[in-house]
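Please read the structure below before turning to the comments.
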Amino acid sequence: METPTPHALGLVLRADMTEPSNYRSDQHFDAWLKSVSLPGISGVDTRRLTRRIRDGGAPNGVLCHAPDGVFDIPALQRQAAAWPGLEGMDLAGEVSCTQSHDWDGGNWAFGDLDTEGYQPAPPSKYSVVAMDFGAKRNILRNLAALGCKVTVVPADTRADDILALNPDGIFLANGPGDPAATGRYAVPEIAKLVDSGKPIFGICLGHQMLSLALGAKTEKMDMGHRGANHPVKDLTTGKVEITSQNHGFVISEGSLPDGVEVTHRSLFDGSIEGLHVTGKPIFSVQHHPESSPGPKDSHYLFQRFMDLMEEAL
């Protein structure tokens, strides 16, 4: 689990769920869905749905469960038509933690069944404050595994309160929704953090809001980048990495101000996948380097953050 509680509203599948096959499974998926009151539907032609999204953008939909089998189709159609869309929607505030807390768990270690599992983090060398806009736990695990004492704070935490913790670095987490909407309260604080000179690393929504704090703009994509196997080129090294992605907004091309360089680009559509602030220890990426799920091609970004903190000590 990448979050304490699920925030998705429904599940759409092509085939019925089978019995668990992973040796680490401790509950049937169907039983888990029922335990968290999450509805799902199977038997949907997901390939056809994918083609529709590809050609026409993401449609609105309603997933309804009626135990008696009676559905008010016109009412459901009105409900779907009335949904305003993600633009202007601050979802990060709904999924962020409500109070500060420390994270000290490390990565999963495979091996003997008696010893494998999530490992304790090594002794900490760096202090990192993570602004939680919907942070995936594996991001926090990767930071802790590299020697970071991680303090997670709510999305609306003020910059003065973050800097009062005297962190060696600041992490801007991933999360859902429109970055401009969440940015109404978060971007002014991120701008103050930028001015502090502290090393900053942002992922996904954190990347987008960092760009807003630097003076750029974001825009809604016709089709978001979802899932694994997205090729991204690191322009600083020339290497191509395979990434996992999950976003529906992107930095507007040409909106970046002077002093901000594009470091990564999508090889699917050429959109901005990473940036760096010239002369400052500040960078961010649009994709997910924590590999949960996905490949580990981008793990080096966490070490890049460590190196920046080491140089600033």
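Remarks
- Gain on full extension, evaluated as 0.36 nm per residue between LYS217 and ARG24 minus their Cα-Cα distance, stands at 65.2 nm.
- Rounded to the nearest 0.05, the FRET efficiency derived from the C-beta distance between MET17 and ASN229 at R0 = 22 Å is 0.40.
- Beta bridges per DSSP, both residues in the chain: antiparallel share near 60 percent.
- Nonlocal amide H pairs with GLY175, under 5 Å, H built at 1.01 Å: LEU205, GLY206
- Residues considered: SER21, SER255, SER37. Largest GNM mean-square fluctuation over the chain, using C-alpha springs under 10 Å, is found at SER21.
- Computed 3J(HN,Hα) for the range 9-14, one whole-Hz value per residue from the Karplus formula 6.51 cos²θ - 1.76 cosθ + 1.60 where θ = phi - 60°, is 9, x, 9, 10, 10, 7, glycine and proline marked x.
- Within a straight-line Cα-Cα reach of under 22 Å, LYS198 can be paired with the following lysines, leaving aside sequence neighbours fewer than 8 residues apart in one chain: LYS125, LYS149, LYS280.
- Accessible surface of the range 140-229, 1.4 Å probe, proportion on carbon and sulfur as whole %: 47 percent
- Taking the average, over residues, of other Cβ atoms within 10 Å as the packing measure, peptides 257-267, 8-18 rank 257-267, 8-18 from highest down.
- For the range 1-112, with all protein chains in place and a probe radius of 1.4 Å, 53% of the accessible heavy-atom surface sits on carbon or sulfur.
- Over 21 Å [Cα-Cα, the range 20-173], rounded percent: 67 percent
- Most to least accessible of LYS233, LYS296, LYS125 (protein chains only, probe 1.4 Å): LYS296, LYS125, LYS233
- Taking the convex hull of the alpha carbon positions in the chain and averaging its projected area over all directions gives 18.0 nm².
- Computing FRET efficiency as 1/(1 + (r/R0)^6) for LEU38 and ILE73, where r is the C-beta to C-beta distance and R0 is 30 Å, gives about 0.85.
- A cut-off of 5 Å between modelled amide H atoms, ignoring neighbours fewer than 5 places along the same chain, links TYR118 with ALA109.
- With Cα atoms, 0 to 90° folded angle of helix 73-82 axis to the chain main axis: 20 degrees
- Other-chain or far-sequence residues with amide H under 5 Å of GLU273's (modelled H): HIS264, ARG265, SER266
- Inter-probe distance in nm under a simple model that places probes 7 Å from Cα toward Cβ, at ALA81 and ASP307: 5.6 nm
- Taken per residue, the accessible surface of the range 153-218 reaches 32 Å², heavy atoms only and a 1.4 Å probe.
- Surface composition of the range 262-313: carbon plus sulfur atoms hold 56% of the accessible area, using a 1.4 angstrom probe and ignoring ligands, DNA and RNA.
The values are calculated or read from the model by the stated rules, or taken from the named source; none is laboratory data. No experiment lies behind these values; they were computed from the predicted model shown. Note that we place each Cβ from the backbone using ideal geometry, even for glycine, and neighbour counts take in every protein chain shown. Side chains included, ligands, DNA and RNA excluded: accessible areas come from the protein's heavy atoms. Shrake-Rupley method; radii C 1.70, N 1.55, O 1.52, S 1.80 Å.
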